[in-house]
Amino acid sequence: MSATIATAVKTLNIDGIEVPINGERNLLELIRKADIDLPTFCYHSDLSVYGACRLCLVDIAGRGIQGACSTPPEPGLKVRTQTEEIREIRKISVELLLANHERECTTCGKSAACQLQDVARKLGINKVRFQPVHKPKPVDRSSLSLTRDPNKCVLCGDCVRFCSEIQGIGAIDFAFRGHDAAVLPAFGKDLGEGECINCGQCAAVCPTGALTPRQEIDEVWKVLGDPTKTVVVQIAPAVRVAIGELFGMPPGESTRGQMVAALKRLGFKYVYDTAFSADLTVIEEANEFLGRKTNGGKLPLFTSCCPGWVKFAEQYFPELLPNLSTCKSPQQMLGALVKELLPAELGVEKKNLVMVSIMPCTAKKFEAKRPEFAKDGVAEVDHVLTTQELARMIEEAGLRFTKLQPESFDMPMGFKTGAGVIFGNSGGVSEAVLRYAAEKVTGKKLVNPDFHAVRGEDGLRIVEVPVGDIVLKLGIVHGLKNARMLAEKARRGKCDLDIIEVMACPGGCIGGAGQPVSRERDIRKLRTRGLYDVDKNMELHKSQENHFVTECYQRHLGEIGGKNAHRLLHTHYHNRRRIAGETIELGDSPEAEKVKVNVCTGTNCFVKGSQHILHALLDQVEKEELQDKVSINASFCFEKCDHGPTVSVDGNKIQWCTAPAAKAEILQKMKEKNQ
Amino acid sequence: MRSKPKPDCSGRKFVKVFTILEKHGRKPSRLVPILQAVQEEYRYLPKEVLTYVATALDISPARVFGVATFYTHFAIEPKGKHIVRLCDGTACHVKDSIPILDAIRKRLKLEGKKTTTDDMLFTVETVACLGACGLAPVVVVDDQVHGAMSPASGVKLVEEIIAREQS
């Protein structure tokens, strides 16, 4: 008998064709690899299999009709994707969804990118035979970043799974059941009140218009049409390699020349590049890092460019806020510089200078409205448009994007190096900082600026990069669940990394929720490659080579990391409650003569043992029959989490509180009241 | 009209929530029994307590709310002092349970989706089969089973309670 091992490829049969099995997780993957595009709503390759939409049904010989997404491929299966029966079931499923769907397609923000519309068209549904049973529900416009229209939800749950499985948050979930079932924030509150960090990935995966980025187009048209206003605009790196997709260009192709031309035609006076302020960020952040590294400051240093991550850290990791870089994001740095320098330079009043930014991101809309980014009521950035919104404005203005004669960014804040451009993809911030730090540490010129070690697609990458005599350990994450893993380690003091780059969205900003909706499988790879190509096509690759940045320091900012730089380019963070929650009143309604005690039972104080304090105080009140003199309440988050547990006694907040400390304070206050 | 009285949220009860959480080892997989036990205490699931449970189990409040609203057994609104459950399972339904429901609701001035009276005295609900089909149609008032009901006898049950409460 020969010792050869049989290496025959295992196959199964799809619609009469033998197809090899190569480790695909389910039949749907295999069928799509065979270039048959089965319709789905609830299947997303990054998420767990849900199997609810019943559109990817196939007929398997001997087994009957099954969902392809939830059937593992097995050799020898005979699969049919098209039969009379399957077509009929698919049609009925979609028709039933359409019956309860608000079918106002012409006025829907998702029109033309809507999968429900697409599937209905492909299945040839020309009539909906069923009557709606749902009454119209109010549209939730509470979030600064997203609009939630429950009347368009098909309950596929993609948003729910993305939020909990990739971001590790769970700001929305299914509630109620049967025909009352709905996707809701906790307790049916508004999205803007809860834990949502505004990344908008729920909207990116939503097949319909139930979740969409909040639109600011009308406000921007208004200022553009106002002759008293001078409107300037900045464009983030990731926008240039994606906007072309909406005009029929291949993903990843850089369109910066046309983009600038279009913005000028729309009426923007100056077009600046967020990559300029990304260069500035590199210099400030790298120096901040090197300072901490040499002076024994807080490490790992977490990046702070991603506003989704910043809100996440404020909600869940208060004790790590000192580890966050104090650098503002490039968007806010540029806004701050524009509002500081341009009024004098152009001779316009500050209130008549409007800063608009074009971002791949929905969380940037929230960031621009943070109170710390406004001075005397003047915001650093007035309006944030997503890539999608800019494309819509270009369409509305009737501009033929691909035919536009390219134009150049305005100087000086339109000038950048490749380091600023690669900020738009995961690993890019790290690489840009390394290109700076390597020269600064060694004092020698870096000949090859590429750090291939930090590039990659995985959501969690740990790399070691030798820089001169030292080895820097970097963590690069996208997806906040991954960030949470590293942050938990850092919280326990078990993280020996130097820098952790966090981007909330898959692949970094190129995968932001403001980018064009795409079902192209390799979209992130293509856009990322686009940014590295832009970097390669430039002459300068290191932020320290940006002479306009150098000039900016000389003329306006002074020393790197100095007082003026801090005033304009740095910020601070604060603890943030994760949910708007009411105080639990545990006694009768408190009266004036009672000592009012509030024990924080928010996540952080809870972890630090506030439950025991609450328990002890309640016991004492009962034992000593103090019910008439003291009222004990549980409350949700004083936003002092880093000093928890927090107990407030008649408004006096005791931090790092213990049960004896709280008791002593209560006795003291009782004494004061009796006097 | 009397305003809705605050549900009983005494300190003792809240301590009970701690005990419940500890008893179940603060395991997220024990969410349903934890909510059952909490509801035993409060007669419904107050929002604030649900947030506390979510915090203690380290799961999102939206998930806890989802579970609490999925099962009809759980109530997120305070229930009345007396609970009237009308069976609308198949056997009771074919024996005209719905006219009984209508009559009771009319007597208690419950309109639309409302199930609890403004004075918090009654909550009227339907349930799917109590397993007493031989007695159909069945009404259960505060865990007491009444069989072979009619609209008139249903209203009478309610009126007896009202009379008792007023005396």
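Listed here are the residues, each with its yes/no results for (1) over 21 Å from A:Lys369 (Cβ atoms); (2) outside any helix (DSSP H, G or I).
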site: A:Ser304; (1), (2): no, yes
site: A:Gly308; (1), (2): no, no
site: A:Phe312; (1), (2): no, no
site: A:Leu321; (1), (2): no, no
site: A:Met333; (1), (2): no, no
site: A:Lys339; (1), (2): no, no
site: A:Ala344; (1), (2): yes, no
site: A:Lys351; (1), (2): no, no
Query raised in the report: Can you name every residue in segment A:285-312 that is farther than 22 Å from A:Ala504 by Cα and either touching a residue at least 12 places away in the same chain (Cβ under 8 Å) or touching a Ser or Thr at 6+ places or on another chain (Cβ under 8 Å) (or both)?
Result: A:Asn287, A:Glu288, A:Leu290, A:Gly291, A:Lys293, A:Lys298
Query - Scope segment A:81-96; condition in contact (Cβ under 8 Å) with a residue 12 or more places away in the chain and out of contact with any helix residue (DSSP H, G or I) (no Cβ under 7 Å at 6 or more places or on another chain); matching residues - result: A:Gln82, A:Thr83, A:Glu85, A:Ile86, A:Arg87, A:Ile89, A:Arg90, A:Lys91, A:Ser93, A:Glu95, A:Leu96
Report summary line: Counting only residues in segment B:55-72 that are more than 7 Å from chain A (Cβ to nearest Cβ) and under 22 Å from the mean Cα position of the chain (by Cα), the one nearest to B:Glu22 (Cα to Cα) is identified as B:Val64
Query raised in the report: Are any residues in segment A:614-632 outside any helix (DSSP H, G or I) and either within 17 Å of A:Pro645 (Cβ to Cβ) or of a type in the set (S, T, N, Q) (or both), and if so, which ones?
Result: A:Gln627, A:Ser631, A:Ile632
Report summary line: Note: among A:Ala210, A:Ala186, A:Ala203, just one is outside the structural domain of A:Lys269 (by TED's automatic domain parsing), in contact (Cβ under 8 Å) with a residue 40 or more places away in the chain and in contact with a Leu (Cβ under 6 Å, 6 or more places away or on another chain), namely A:Ala203
Query raised in the report: Can you find even one residue in segment A:216-237 that is surrounded by fewer than 24 Cβ atoms within 10 Å (Cβ to Cβ) and within 30 Å of A:Arg577 (Cα to Cα)?
Result: yes
Requested in this report: Using the structure shown, decide if A:Ser111 is within 30 Å of A:Ala391 (Cβ to Cβ), within 27 Å of the chain's Cα centre (by Cα) and crowded, with 20+ Cβ neighbours inside 10 Å.
Outcome: no
Requested in this report: Could you please let me know if A:Gly456 is among the small types (Gly, Ala, Ser), under 25 Å from A:Val534 (Cα atoms) and out of contact with any Gly (no Cβ under 9 Å at 6 or more places or on another chain)?
Outcome: no
Query raised in the report: For segment A:6-80, which fully contained strands (runs of 3 or more DSSP E) count at least 2 residues that are in contact with a helix residue (DSSP H, G or I) (Cβ under 6 Å, 6 or more places away or on another chain) and under 30 Å from A:Ser164 (Cβ atoms)?
Result: A:57-60
Report task. Filter segment A:638-675 down to the residues that are touching a strand residue (DSSP E or B) at 6+ places or on another chain (Cβ under 6 Å), hydrophobic (A, V, I, L, M, F, W, C) and part of a loop (DSSP other than H, G, I, E, B), then identify the one that is modelled with the highest pLDDT. Result -> A:Cys657
Query raised in the report: So is B:Val94 away from chain A (no Cβ under 14 Å) and crowded, with 19+ Cβ neighbours inside 10 Å or not?
Result: no
Requested in this report: Starting from residues that are acidic (Asp, Glu) and facing chain B (nearest Cβ under 8 Å), keep the ones in segment A:612-628 and report whichever is farthest from A:Thr601 (Cα to Cα).
Outcome: A:Glu622
Query raised in the report: Hey, does segment B:125-142 have a residue that's of a type in the set (Ser, Thr, Tyr), in the same structural domain as B:Cys92 (by TED's automatic domain parsing), under 22 Å from B:Val94 (Cα atoms) and surrounded by 16 or more Cβ atoms within 10 Å (Cβ to Cβ)?
Result: yes
Query raised in the report: Identify, please: which residue in segment B:9-54 is of a type in the set (S, T, N, Q) and within 12 Å of another protein chain (Cβ to nearest Cβ) and is, among those, nearest to A:Cys159 (Cα to Cα)?
Result: B:Thr51
Query raised in the report: How many residues are within 13 Å of chain B (Cβ to nearest Cβ) and assigned to a helix (DSSP H, G or I) when one looks only at segment A:178-211?
Result: 8
Query raised in the report: When both residues are 6+ apart or on different chains and their Cβ atoms are under 7 Å apart, which pairs have a first residue that lies in segment A:58-72 and is closer than 12 Å to A:Leu38 by Cβ, and a second that is small (Gly, Ala, Ser) and in a strand (DSSP E or B)?
Result: none
**Report entry** Any pair with Cβ under 7 angstrom, 6 or more apart, that starts in segment A:156-177 at a residue that is within 7 Å of chain B (Cβ to nearest Cβ) and over 22 Å from A:Cys114 (Cα atoms) and ends at one that is outside any loop (DSSP other than H, G, I, E, B) and polar (S, T, N, Q)
**Finding:** A:Gly170/A:Ser164; A:Ala175/B:Thr69; A:Phe176/B:Thr69
Query raised in the report: Out of A:Ile523, A:Ile560, which single residue is outside the structural domain of A:Ala112 (by TED's automatic domain parsing), farther than 28 Å from A:Ala438 by Cα, hydrophobic (A, V, I, L, M, F, W, C) and touching a residue at least 40 places away in the same chain (Cβ under 8 Å)?
Result: A:Ile523
Query raised in the report: Within the group A:Pro412, A:Pro343, A:Pro449, A:Pro406, which residue is surrounded by fewer than 23 Cβ atoms within 10 Å (Cβ to Cβ) and without any contact (Cβ under 8 Å) to a residue 24 or more places away in the chain?
Result: A:Pro343
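The values are calculated or read from the model by the stated rules, or taken from the named source; none is laboratory data. Note that the structure is predicted; figures quoted are calculated from it, not measured. Glycine also receives a Cβ, built like all others from the backbone with ideal geometry; neighbour counts cover every protein chain displayed.
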